[in-house]
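Written below as structure tokens is the structure these notes are about.
The values are calculated or read from the model by the stated rules, or taken from the named source; none is laboratory data. Because the structure is a prediction, the values reported are computed rather than measured. Cβ placement follows ideal geometry from the backbone for every residue including glycine, while neighbour counts extend to all protein chains displayed. The area values use the complete protein model at the heavy-atom level, side chains included, leaving out ligands, DNA and RNA. Shrake-Rupley method; radii C 1.70, N 1.55, O 1.52, S 1.80 Å.
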Amino acid sequence: MKDQFFDNTRVQEFRVCPRKYYFRHAIDLVPSGRWSPPLVFGSSWHSAMDEMWPLTTKDAPKMGDQEVVQATYEGFIETWVKEGAPHPDDMTGDEIQSLEPRTPFNAKEMLYEYLLQRRDFMSKCELIAVEQPFAVPLDPDNQELFYVGRLDSGK
């Protein structure tokens, strides 16, 4: 049996529509030439975290909240555009509405809230790695079925 890895995206997709899950993840049937807003938003968020943690931990240079959010937002936008999404400056009102709630504008607000809620904690952390990947067997007797993801890192 081939190893099977399940992350939050796969689990949620199966819960919403098992057939869509089967097409996308079991037989790898995806529309060509289209970008996936949930996947691009998630990848962009991880890029923002890759920027935020080194700027806010114990040994980081002192920066204001607005500077940190702007730097992390730029990391978000870089990945967002690289993955095929339109640059926020070029988005129409209809595009923004069709992507709700996964828009760069909401991401910027989320980054600010993330920082406000965690800045005190982050400033006490020694950075070891950013969003460390993990894989946990779902069944101790079956080492071919895993839940995978990424954890915020700090010490």
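If you go through region 36-64 and pick out every residue that is surrounded by 13 or more Cβ atoms within 10 Å (Cβ to Cβ) and not in a helix (DSSP H, G or I), you end up with 4. Filtering region 75-86 to residues that are within 20 Å of Asp50 (Cβ to Cβ) and either in a helix (DSSP H, G or I) or open to solvent by less than 80 Å² (accessible area, probe 1.4 Å) (or both) leaves Gly75, Phe76, Ile77, Glu78, Thr79, Trp80, Val81, Lys82, Gly84, Ala85. Exactly one residue out of Arg102, Arg118 is under 21 Å from the mean Cα position of the chain (by Cα), in a loop (DSSP other than H, G, I, E, B), surrounded by 13 or more Cβ atoms within 10 Å (Cβ to Cβ) and of a type in the set (D, E, K, R): that is Arg102.
Taking the listed residues Asp94, Asp28, the one that is over 30 Å from Gln143 (Cα atoms) and exposed (fewer than 12 other Cβ atoms within 10 Å of the Cβ) is Asp94, with no other qualifying. Note on region 79-114: among residues that are hydrophobic (A, V, I, L, M, F, W, C) and in contact with a helix residue (DSSP H, G or I) (Cβ under 6 Å, 6 or more places away or on another chain), the one that is nearest to Phe41 (Cα to Cα) is Trp80. How do the pairs read when you match residues in region 97-114 that are closer than 18 Å to Val69 by Cβ with residues anywhere that are polar (S, T, N, Q) and in a helix (DSSP H, G or I), using Cβ under 8 Å and keeping only pairs 6 or more apart or on different chains? Cβ pairs passing all conditions: Pro104/Ser44; Ala107/Ser44; Leu111/Thr72. Just one residue in the set Arg10, Arg24, Arg19, Arg15 is in a helix (DSSP H, G or I), among the basic types (Lys, Arg), farther than 22 Å from Arg150 by Cα and modelled with pLDDT under 90; that residue is Arg19. Scanning region 121-145 for residues that are open to solvent by less than 80 Å² (accessible area, probe 1.4 Å) and charged (D, E, K, R) yields Glu131, Asp139, Glu144. Looking for something closer than 21 Å to Ala135 by Cα, within 21 Å of the chain's Cα centre (by Cα) and without any contact (Cβ under 8 Å) to a residue 40 or more places away in the chain - is there at least one such residue anywhere in region 53-64? The answer is no, given that none of the residues of region 53-64 is closer than 21 Å to Ala135 by Cα, within 21 Å of the chain's Cα centre (by Cα) and without any contact (Cβ under 8 Å) to a residue 40 or more places away in the chain. Does Ser43 satisfy the condition of being at pLDDT below 80 and hydroxyl-bearing (Ser, Thr, Tyr)? No: the conditions fail for Ser43.
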